[in-house]
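Visitor: Next up is a structure, given as structure tokens.
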Amino acid sequence: MQYTPALLQEHNTAGSMMDRAYLALKRDIIELTRPPGQHFTELDVATSMGLSKTPVREALARLHRDGLVQPQPRAGYVVSSVTLGDVADLCDMRTLLQGEAAALTAGRGLSPTALDRLAELSVDDNYGQLGGPHLNERLRENYESEAIIANGCGNARLSRSVVEVFDEIERVVRLAVLLSPSMPSSRIGERQAIVDAISAQDPDAARAAMQRRTRSARREIIDALTTSHAVTSTPILLPT
């Protein structure tokens, strides 16, 4: 089974009302149309989507399991907040998962077609900052590349876990870009090193190259998030 990041999924109008409500709400949250901390009710969502409350309630329960919304007693829902601690944990988990996925994929090897596509995606003639009109395109190319590696590892649970992390990371990256529009895009040399290691079927080199890339991304994301006024204005307390 191939796992696909939410950004790359085609909108399926043939799905159930719950599926359509879930995917629409999920994209609104990831793309920050519904920003962290926004309050809303089932009725708000049902009215805006032209649906009954039942499929919306089921979609919200699923989003709660995803960690993207939190129910408020007698007050509807709130979009889950983003904290530096949680982002650091998320990025660290990404490094662990993607590093192992890259190593397994290198050991197994990719098909010529998948390897050619991976090499094609490692080239960026417009290398520069993430912010700007090409953000969606850059994110799509990035997640397609990383999904090829994740799905090539031969471990379905690991593939699914990696792809699920992409959806959370995407929301964080979009927030980081808003806070720091000059945030650089992923380094092309780091991406090419991963492709070279997988092509050579060298698991150790693939793991190391992927870990270098994800750790660079972690530093850039954390640096961008720390420019938020909510962070810079928070009082610093003595440790307890």
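Visitor: Return yes when Gln2 is within 30 Å of Ser199 (Cα to Cα) and either open to solvent by 40 Å² or more (accessible area, probe 1.4 Å) or of a type in the set (S, T, N, Q) (or both) and no when it is not.
Guide: yes
Visitor: Just wondering, is there one or more residues in the range 60-82 that are at pLDDT below 90, of a type in the set (D, E, K, R) and either within 22 Å of Ile169 (Cβ to Cβ) or more than 15 Å from the chain's Cα centre (by Cα) (or both)?
Guide: Checked the range 60-82: at least one residue is at pLDDT below 90, of a type in the set (D, E, K, R) and either within 22 Å of Ile169 (Cβ to Cβ) or more than 15 Å from the chain's Cα centre (by Cα) (or both).
Visitor: Report yes if Asp19 is part of a helix (DSSP H, G or I), modelled with pLDDT under 95 and more than 25 Å from Val162 (Cα to Cα), otherwise no.
Guide: Taking the combined requirement at face value, the residue does not satisfy it.
Visitor: Quick check, is Leu96 open to solvent by 60 Å² or more (accessible area, probe 1.4 Å), among the aliphatic types (A, V, I, L, M) and assigned to a helix (DSSP H, G or I)?
Guide: Spelling it out, Leu96 is indeed open to solvent by 60 Å² or more (accessible area, probe 1.4 Å), among the aliphatic types (A, V, I, L, M) and assigned to a helix (DSSP H, G or I).
Visitor: Could you tell me which residue of the range 199-220 is least open to solvent (accessible area, probe 1.4 Å), considering only residues that are acidic (Asp, Glu) and modelled with pLDDT of 95 or more?
Guide: Top of the filtered list is Asp202.
Visitor: Further question: Quick test of your reading of the structure: Glu31 fulfils all but one of (1) of a type outside the set (Ser, Thr, Tyr); (2) more than 16 Å from Glu164 (Cβ to Cβ); (3) in contact (Cβ under 8 Å) with a residue 60 or more places away in the chain; (4) crowded, with 17+ Cβ neighbours inside 10 Å. Name the failing condition by number.
Guide: Single failed check for Glu31: (4).
Visitor: Would you check if there is a residue in the range 56-74 being of a type in the set (Val, Ile, Thr) and outside any helix (DSSP H, G or I)?
Guide: yes
Visitor: Looking only at the range 143-164, decide whether some residue is modelled with pLDDT under 90 and open to solvent by less than 40 Å² (accessible area, probe 1.4 Å).
Guide: No, the range 143-164 contains no residue that is modelled with pLDDT under 90 and open to solvent by less than 40 Å² (accessible area, probe 1.4 Å).
Visitor: Given the criteria out of contact with any Pro (no Cβ under 9 Å at 6 or more places or on another chain), farther than 16 Å from Arg171 by Cα and open to solvent by less than 60 Å² (accessible area, probe 1.4 Å), does Leu51 qualify?
Guide: In short, yes.
Visitor: What are the residue pairs meeting all of these: first residue in the range 35-53, first residue in a helix (DSSP H, G or I), second residue aromatic (Phe, Trp, Tyr) and open to solvent by less than 50 Å² (accessible area, probe 1.4 Å), Cβ atoms under 8 Å, and 6 or more apart or on different chains?
Guide: Hits for this filter: Glu42/Tyr77.
Visitor: Further question on the same structure: Considering (1) farther than 14 Å from Arg94 by Cβ; (2) open to solvent by 50 Å² or more (accessible area, probe 1.4 Å); (3) at pLDDT 90 or above, say which one Asn136 fails and leave the rest.
Guide: (3)
Visitor: May I pose another question? Taking the condition of being more than 25 Å from Leu225 (Cβ to Cβ) and polar (S, T, N, Q), how many residues in the range 60-111 meet it?
Guide: Adding up the residues that qualify gives 2.
Visitor: Report, by residue number, each residue of the range 99-118 that is over 21 Å from the mean Cα position of the chain (by Cα), closer than 22 Å to Glu141 by Cβ and open to solvent by 10 Å² or more (accessible area, probe 1.4 Å).
Guide: Of everything in the range 99-118, those that are over 21 Å from the mean Cα position of the chain (by Cα), closer than 22 Å to Glu141 by Cβ and open to solvent by 10 Å² or more (accessible area, probe 1.4 Å) turn out to be Leu110, Ser111, Pro112, Thr113, Ala114, Leu115, Asp116.
Visitor: Can you tell me which residue among Val162, Val177 is more than 13 Å from Leu104 (Cβ to Cβ) and in contact with a Leu (Cβ under 7 Å, 6 or more places away or on another chain)?
Guide: Just one listed residue meets the conditions, Val177.
Visitor: Can I ask one more? If you go through the range 72-82 one residue at a time, how many are surrounded by 14 or more Cβ atoms within 10 Å (Cβ to Cβ) and free of Cβ contacts under 8 Å to residues at least 40 places away in the same chain?
Guide: Summing the residues that are surrounded by 14 or more Cβ atoms within 10 Å (Cβ to Cβ) and free of Cβ contacts under 8 Å to residues at least 40 places away in the same chain in the range 72-82 gives 2.
Visitor: Residue pairs, Cβ under 6 Å, 6 or more apart or interchain, first in the range 180-198 and open to solvent by less than 30 Å² (accessible area, probe 1.4 Å), second at pLDDT below 75. List them.
Guide: These pairs meet every condition: Met183/Leu130; Ser185/Leu130.
The values are calculated or read from the model by the stated rules, or taken from the named source; none is laboratory data. On a predicted model such as this, the values are computed, not experimentally measured, just so you know. Note that we place each Cβ from the backbone using ideal geometry, even for glycine, and neighbour counts take in every protein chain shown. Protein only, heavy atoms only, side chains kept; ligands, DNA and RNA dropped before computing areas. Shrake-Rupley method; radii C 1.70, N 1.55, O 1.52, S 1.80 Å.
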